[in-house]
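Input: a single structure, listed below in structure tokens.
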Amino acid sequence: MTQELRNRGCQINKKRVARIMKEHHLSAGPKKRQYHSYRGQVGRIAPNVLGQDFQTKAPYEKLGTDVTQFITQYGKLFLSPVIDFHTREVLAYDLSETANYAQIKRMLERLVKAHGEHLTGAILHSDQGWQYQMRQYRQFLADNGMIQSMSRKGNCLDNSPTENFFGRMKTEIYYDKEYTFQSLQHLKLVIRDYIEYYNNKRIVSRLKCSPVRYRAVCMPTNFWG
């Protein structure tokens, strides 16, 4: 919020912003339960290549993926994105009412269609969910030049950039609003609109601009050829 006001020309510090928000009873919502997809062998599929080292020098070096669930009175909805740890951009995603490998496959196909020329050598990090242990998933990464990396079981810090995105998104559009959605289609529309907003308009504090703006303006022009 402070960075957005500064970008709009306001000279203001975060303490004043916090005071004004408090006066108007504005605050972030609480974090709530997460979806856990683990089911399978522990630590036998792929190593933890990242080891909590999320530092990057350019886009497409280190990517993260996971599945999170939204629970409503109309049923559950599952979101599976791929996030670039350098720009924090959501590169591809899939929404489904069923958490299965078909969802992961659709997401990967969209990732390759939109960014395939940049994926060779990219590390794609996940938890040890059953989807990421499947032979089809591992083969898809290998066929497209990507390196698989897996968190240690039960350690969410190993994939914290992805978890942070989930927490931020749910705080802004979902927590304490679960019963305001009129249908699962309504929730899907809200999530799609949020990802569009997040990629193109929402400021990432570390970058001081949106993910797409950082990729397009802040990166060296010769990177994009």
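We did not get these values from a lab; they are worked out from the coordinates using the rules stated. Keep in mind the model is a prediction, meaning the values are calculated, not measured. Ideal geometry is used to build each Cβ from the backbone, glycine not excepted, and the neighbour counts take in all protein chains shown.
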*Counting only residues 5 or more places away or on other chains, whose amide H sits under 5 Å from the amide H of T72 once H atoms are built in the peptide plane?*
L77
_Per-residue HN-Hα couplings for the stretch 199-205 [Karplus 6.51, -1.76, 1.60; θ = phi - 60°; Hz; x = Gly/Pro]_ = 5, 9, 10, 6, 7, 8, 3
*Considering every Cα-Cα pair within the stretch 50-132, what fraction, in whole percent, is farther apart than 14 Å?*
63 percent
*asked:* Quick check: net charge around K62, other residues with Cβ under 11 Å of its Cβ, Lys/Arg +1 and Asp/Glu -1?
replied: -2
*Based on the mean of other beta carbon atoms within 10 Å per residue, what is the order of 124-131, 197-204, 74-81, 88-95, most packed first?*
124-131, 88-95, 74-81, 197-204
*Taking the Cα centre of the stretch 91-225 as the origin, how large is its charge dipole in debye, to the nearest 20, when only Lys and Arg (+1) and Asp and Glu (-1) carry charge on their Cβ atoms?*
260 debye
*asked:* Taking θ = phi - 60°, what integer Hz values does the Karplus form 6.51 cos²θ - 1.76 cosθ + 1.60 yield along the stretch 169-175, in sequence order, with x for Gly and Pro?
replied: 4, 5, 4, 7, 10, 10, 4
*Past the 25 Å Cα-Cα mark, which pairs from K62/K201; K113/K153; K62/K170?*
K113/K153
*Per 5 Å bin, what is the whole-percent P(r) computed from every C-alpha pair distance within the stretch 34-224?*
1, 8, 16, 21, 21, 17, 10, 5, 1, 0
